[in-house]
Each structure stands twice: as structure tokens, then as C-alpha cells.
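Following: one structure in C-alpha cells, then a few remarks.
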């Protein structure tokens, strides 16, 4: 497997930006780590091995970034407003630095797929919903999808941007909603250990999508499916393969 390491000094984060890239070609997939995780978490937990066939065959090209959660949502030493502001800095970094890096690396401004597990799932889905002109797809596994779980119940207009359930509910008929309806969104959650809150949010997000006629794929797995890496290693290739097949079918018919 072809693997690259990249770093640069991020103006927005005022820190070193680090990233790993897996593969030569394919659909670009930007991967978020779990809460507070690093850019190498994906490899540490053998997720690259789980989708090695897709990477080595040129179906997907993976870009992994580090989390900013310890300076934003998980930073209890600052106010909720300051946490939200810190997260918006991270969003600006992703859109203004990481996306152009991916475009340059791909030598094309092609649509980017977002992927994440646990808190990374919330980042993946919320970013796709906010910027459907940049991101074409999002896969979220075992995610929480309401920011109030991290803010003690508090929410405002800025926090809503990072809260998929509330954000979708707020969408009114508009060009943005039309673009959101064109996204390929896949959400999955188990019913086993440590999935209780995620299951509640997954069901609520499914209802919000249905209310706004957003054609998302929401898949609830069995009671043996826990909030853990062994299941995510099974789910990632399953959903990525389905996404690739859908995109290839679309190209053949258009």
C-alpha cells in the first residue's frame, strides 16, 4: 500500500498540520478520528487494512487528519461559546487548507467524501451538510448527532451548525436544501454495548432527514454490534463499496 506523510504550518490552527495519505488514486475520502484522536489513529486501529482492496485497486484515496476536539468541544476550561469558536477555526482550516491540499494532490477539484466514527461521525455529517458544494458524500458510524450532548443542553445558532439533527430540522426550502438532498449520506449504528446515545441520535437524525425529504441511507445493525473498532472495520468497507458502486452506476447512466 502506498502511504505518504505530509505536514505544514497551519495559519488558521497556529500549529503544525499533519496528515497521512493512503493510495495513488480513487475517490478522495477525508477521514476524521474519534474524539481527540490523531491523524494516525486510522492506521493504528487497522482501518487501512480493512479497506486495503479498495485502496490498492485505486477505488479510494484516503486522507486522514487530526482532531481539534481537545481545544474545542472537549475543553472544559473554556466557555461553550469559546469552544464553538475554536471548532469554527477547525472548520475554516478544513475548508481553506485541507480541501485545497486534497484538490492539489488529486490534481482535480473532484467531490470529496467524508468519513468518521463516534464523534468523528458528527464532524463528517455536519461538514457535508454545511458545504454540499464541496463534499458529495458522508459516512458516519456510531455517531452522536446533537451538539447538546457536549454542551449540557445549550444550543444557539452557531452551535446548530455542528449539530446535524438540529441543523437539518432548521433547513427551509432553498438552494442549500436542494444541494443537501443531492448528497450521498450513509449513517450506521449498532444496538449493542456503548451505542445507546448513538442509537437515539441515529433514529432522530433519520426522522429529521425524512421530514426534509433528504434521501439518506440510515442502517441500524444488530444487538451484538457494539461501539468499537472491530465493527467499524466491518462497516467501513461495506458502506464505501456501496458508495463506489452507486457512483460508478451514475457515471454509466449519465
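Compute the normalised compactness of the chain: alpha-carbon radius of gyration over 2.2 N^0.38 Å, N being the residue count. All intermediate terms of the calculation are to be shown ahead of the outcome.
Working: Rg = 17.1 Å, N = 254, 2.2 N^0.38 = 18.0 Å.
Taking the Cα Rg and dividing by 2.2 N^0.38 Å, one obtains 0.95.
Residue 220 to residue 78: FRET efficiency via 1/(1 + (r/R0)^6), r the Cβ-Cβ distance, R0 25 Å, to the nearest 0.05? All intermediate terms of the calculation are to be shown ahead of the outcome.
Working: r = 36 Å, r/R0 = 1.43.
It comes out at approximately 0.10.
Suppose the chain between residue 179 and residue 238 were pulled fully straight at 0.36 nm per residue; how much longer would it get relative to their current alpha carbon spacing? Provide the component values of the computation, followed by the final result.
Numbers: separation 59, 0.36 × 59 = 21.24 nm, distance 2.51 nm.
Difference between extended and current length: 18.7 nm.
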Between residue 109 and residue 253, with labels modelled 7 Å along Cα→Cβ, what's the label distance in nm to one decimal, could you check? 2.8 nm
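What are the semi-axes of the equivalent ellipsoid of segment 81-185, taken as the square roots of 5 times the eigenvalues of the Cα gyration tensor, listed largest first and rounded to whole Å? List each step's numbers first, then the result.
Details: eigenvalues 101, 53, 35 Å².
So the three semi-axes of segment 81-185 are 22, 16, 13 Å.
So for the chain: antiparallel DSSP bridges make up what percent, rounded to the nearest 5?
Details: 12 of 36 bridges.
Antiparallel bridges make up about 35 percent of those DSSP assigns within the chain.
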Label model pair residue 92, residue 7: point-to-point distance (7 angstrom along the Cα→beta-carbon line) in nm is 2.4 nm
Each label point is 7 Å from the Cα along the Cα-to-Cβ direction; what then is the distance between the points at residue 197 and residue 245, in nm? 3.4 nm
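Over the Cα atoms of segment 15-133, compute the convex hull volume and normalise it per residue, giving Å³.
Details: hull volume 12.1 nm³, N = 119.
Spread over its residues, the Cα hull of segment 15-133 gives 101 Å³ apiece.
Give me 64, 253 sorted ascending by neighbouring Cβ count inside 10 Å, so fewest comes first. Could you put the intermediate results ahead of the total?
Numbers: 64 24, 253 6.
Ranked by crowding around the Cβ, least crowded first: 253, 64.
No value in this document is a laboratory result; all are computed from the given coordinates. Computed from a predicted structure; not experimentally measured. All Cβ positions, even for glycine, are placed from backbone atoms using ideal geometry, and neighbour counts span all protein chains on display.
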